[in-house]
Each structure stands twice: as C-alpha cells, then as structure tokens.
1. Per the 1.4 Å probe, what fraction of the accessible area of the chain, in percent, lies on carbon and sulfur atoms?
2. Give me the angle, in degrees from 0 to 90, between the Cα long axis of helix 53-68 and the longest principal axis of the Cα atoms of the chain, rounded to the nearest 10.
3. Helix-derived [θ] at 222 nm for the chain: sum -39500 (n - 2.57) over DSSP H runs of at least 4, divide by residue count, nearest 500?
4. Which order do M1, M27 take by accessible area at a 1.4 Å probe, largest first?
5. Write down the accessible area per residue of the stretch 1-40 in Å², having rolled a 1.4 Å probe over the full set of protein chains.
6. Considering only protein heavy atoms, with the full assembly of protein chains and a 1.4 angstrom probe, order E10, E19, E88 by accessible area, largest first.
7. Among the aspartates and glutamates, which have Cα under 16 Å from the Cα of K23 when same-chain residues fewer than 8 positions away are ignored?
8. May I ask for the Kirkwood hydrodynamic radius of the stretch 16-95, worked out over all distinct Cα pairs and given in angstroms to one decimal?
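The values are calculated or read from the model by the stated rules, or taken from the named source; none is laboratory data. Remember, predicted model here, so these are calculated numbers, not experimental data. All Cβ positions, even for glycine, are placed from backbone atoms using ideal geometry, and neighbour counts span all protein chains on display. The protein model used for the area step is the full one, side chains on, heavy atoms only, and it has no ligands, DNA or RNA in it. Shrake-Rupley method; radii C 1.70, N 1.55, O 1.52, S 1.80 Å.
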Amino acid sequence: MAEIKHQNNEKNGVFEIYEDGEKAGEMTYTWAGTDKFIIDHTGVDEPFNGKGYAKQLVYAGVEYAREKGIKVIPLCPYAKATIARNAELQDVLAS
C-alpha cells in the first residue's frame, strides 16, 4: 500500500509517494500567487514504474487544490496529460 506525504511552504511544495517506507516518486509544485500553484514535475523511480503512482500523485494535488479552493497550472507534461484525459480533474484548472 502506497502512502502519500505532502510538504508545503509559501513558495513551493511536494507530494511524495512511499511504498513500504521507501520513497517511490514525487510531484513538485511552485506557488503562483496565493490562489494557484504550478505543477512543474512528476516522476516515479524506475523500480516503481507501472504501479500508477504518478497518477496517484496528480490526483493528490488536485484534491489538495479542491480542499483549499485554489487552481492548478499543470506545466509538467505528465500532469497536463493526466488532467486532460480525466474530465473529473479539470475543475481545478486555472483559466
């Protein structure tokens, strides 16, 4: 079972995913003002590929945005593609 941890400060943040206590990947973001953040990187370490961890990270970021009432700018190609393919995630996109 994977566990996601979130760290955030006033400039940037990271969602990290762990499998059995070992870091498997991360999604990083940078704040763009107080009402939105830019997803700039999503990556999973090679031994953990194919487990859906990158997608789980994007979903965690979207859920965080919803909880805070903020918007997302997905510059990371993976996050951008994932949000584009999943209509249920698009409500958090910055216009």
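1. Details: 2670 of 5510 Å².
So the carbon and sulfur contribution to the accessible surface is 49 percent.
2. Rounded to the nearest ten degrees, it is 30.
3. Numbers: 2 runs with 25 residues, N = 95.
Helix-only estimate at 222 nm: -8500 deg cm²/dmol.
4. Per-residue accessible area, sorted high to low, gives M1, M27.
5. Numbers: 2380 Å² over 40 residues.
Normalised by residue count, the accessible surface of the stretch 1-40 is 60 Å².
6. Details: E10 165, E19 40, E88 100 Å².
The residues order as E10, E88, E19, largest area first.
7. Partners found: E3, D45, E46.
8. On the way: mean 1/r = 0.0785 Å⁻¹.
For the stretch 16-95, the Kirkwood estimate is 12.7 Å.
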